[in-house]
1. Would you please name the residue that is farthest from Ala107 (Cα to Cα), looking only at residues in segment 53-93 that are touching a Cys at 6+ places or on another chain (Cβ under 8 Å) and touching a residue at least 24 places away in the same chain (Cβ under 8 Å)?
2. Which one of the conditions (1) more than 15 Å from the chain's Cα centre (by Cα); (2) closer than 30 Å to Leu35 by Cβ does Val113 fail to meet, given that it meets all the rest?
3. Is it fair to say Val96 is over 30 Å from Ala41 (Cα atoms), of a type in the set (Val, Ile, Thr) and part of a helix (DSSP H, G or I)?
4. Could you tell me whether segment 33-41 includes any residue that is exposed (fewer than 10 other Cβ atoms within 10 Å of the Cβ), in a loop (DSSP other than H, G, I, E, B), at pLDDT 75 or above and not acidic (Asp, Glu)?
Amino acid sequence: MIVHQFVEQFQLAHHTAISMLAAPTPNPPSGGGGLDPDPVAPPGLAALGTTFIAWAKWTLRICGVIGLIICGIMMTIGRRQRSAFAADGAAGIPWVLGGLTLGAIAAIIVPSVTL
């Protein structure tokens, strides 16, 4: 009986959460009295902007791979009698992964910020 009530409450909460997440969010009112246009690339620069972002993403991937390799090398070298060096290598892993994660979700974060 208690389990059945728990399952019903869980299903209700799950349904409510899904419907709230799936519901379209209303557009916030513009503070400029209708003078808040969407961003538009200057004529002829849209392709250049896309190319620049592609280059930055490629550089991020290369630097992420190199960063993780360097952390692994530091941990391997510091294994014997250089524990501080190994600890520095291990401490670098979250920074590399954090940078890769931030770069991966940048295209989601930036457009969601309203100025």
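The values are calculated or read from the model by the stated rules, or taken from the named source; none is laboratory data. The structure presented is a predicted model; accordingly, all values stated were derived computationally and were not measured. A quick note on method: Cβ atoms are made from the backbone with ideal geometry, for glycine too, and the neighbour counts reach across all protein chains shown.
1. Taking segment 53-93 and keeping what is touching a Cys at 6+ places or on another chain (Cβ under 8 Å), we get 89-90, 92-93.
From what is left, the residues that are touching a residue at least 24 places away in the same chain (Cβ under 8 Å) are 92-93.
Numbers: Gly92: 24, Ile93: 23 Å.
So, considering only residues that are touching a Cys at 6+ places or on another chain (Cβ under 8 Å) and touching a residue at least 24 places away in the same chain (Cβ under 8 Å), the one farthest from Ala107 (Cα to Cα) is Gly92.
2. Going through the list (1) more than 15 Å from the chain's Cα centre (by Cα); (2) closer than 30 Å to Leu35 by Cβ, Val113 breaks only (1).
3. Values: over 30 Å from Ala41 (Cα atoms): yes; of a type in the set (Val, Ile, Thr): yes; part of a helix (DSSP H, G or I): yes.
Judged against the criteria, Val96 is a match.
4. Looking through segment 33-41, at least one residue is exposed (fewer than 10 other Cβ atoms within 10 Å of the Cβ), in a loop (DSSP other than H, G, I, E, B), at pLDDT 75 or above and not acidic (Asp, Glu).
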